[in-house]
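Before any comments, here is the structure.
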Amino acid sequence: MNQNTLIAVGNVITPVQIRHTPDGTPVTTFRIACNERRRDRETNAWVDKDSFYVSVTCWRRLAENVCRSLRSGDPVMVRGRLLTRSYD
């Protein structure tokens, strides 16, 4: 079975929120922004490029630990499955 895996490095940009499913399973959600930075050789300065935004969902014990540990603005590295949705 093929699976898309994503590793994203960025900063938490939304409040980290925890909720529980009807059966009591904890779920934590937040978003991160990944900013590309490059050094401009002509000016020898760092230049910000496009940002990439990722919605993150954590389940069970990971959800509880993430909710206790992360705050908006914290740097993070996220590894997980990449899921996409289409809207009409």
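Descriptive notes on the structure:
- Stretching the chain fully between Asn65 and Thr21 yields a gain of 14.2 nm (0.36 nm per residue, less the alpha carbon separation).
- One decimal place: the segment Leu82-Ile13 gains 23.0 nm when fully extended, by the rule 0.36 nm per residue minus the C-alpha distance.
- Looking at the chain, the accessible area is 85 square angstrom per residue; that uses a 1.4 Å probe and ignores ligands, DNA and RNA.
- Helical contribution to [θ] at 222 nm, DSSP H n ≥ 4, -39,500 (n - 2.57), averaged over the chain, rounded to 500: -3500 deg cm²/dmol
- The chain: mean projected area of Cα convex hull, nm²: 9.1 nm²
- Label-to-label distance for Asp48 and Cys34 is 1.8 nm, based on points extended 7 Å past Cα in the beta-carbon direction.
- Computed from Cα atoms, the angle from the helix 60-69 axis to the main principal axis of the chain rounds to 50 degrees.
The values are calculated or read from the model by the stated rules, or taken from the named source; none is laboratory data. The model shown is predicted, which means the values in this text are computed figures rather than measured ones. Positions of Cβ are generated from backbone atoms using ideal geometry, with glycine treated the same way; all protein chains shown enter the neighbour counts. We work out accessible area using only protein heavy atoms, side chains counted, and drop any ligands, DNA or RNA first. Shrake-Rupley method; radii C 1.70, N 1.55, O 1.52, S 1.80 Å.
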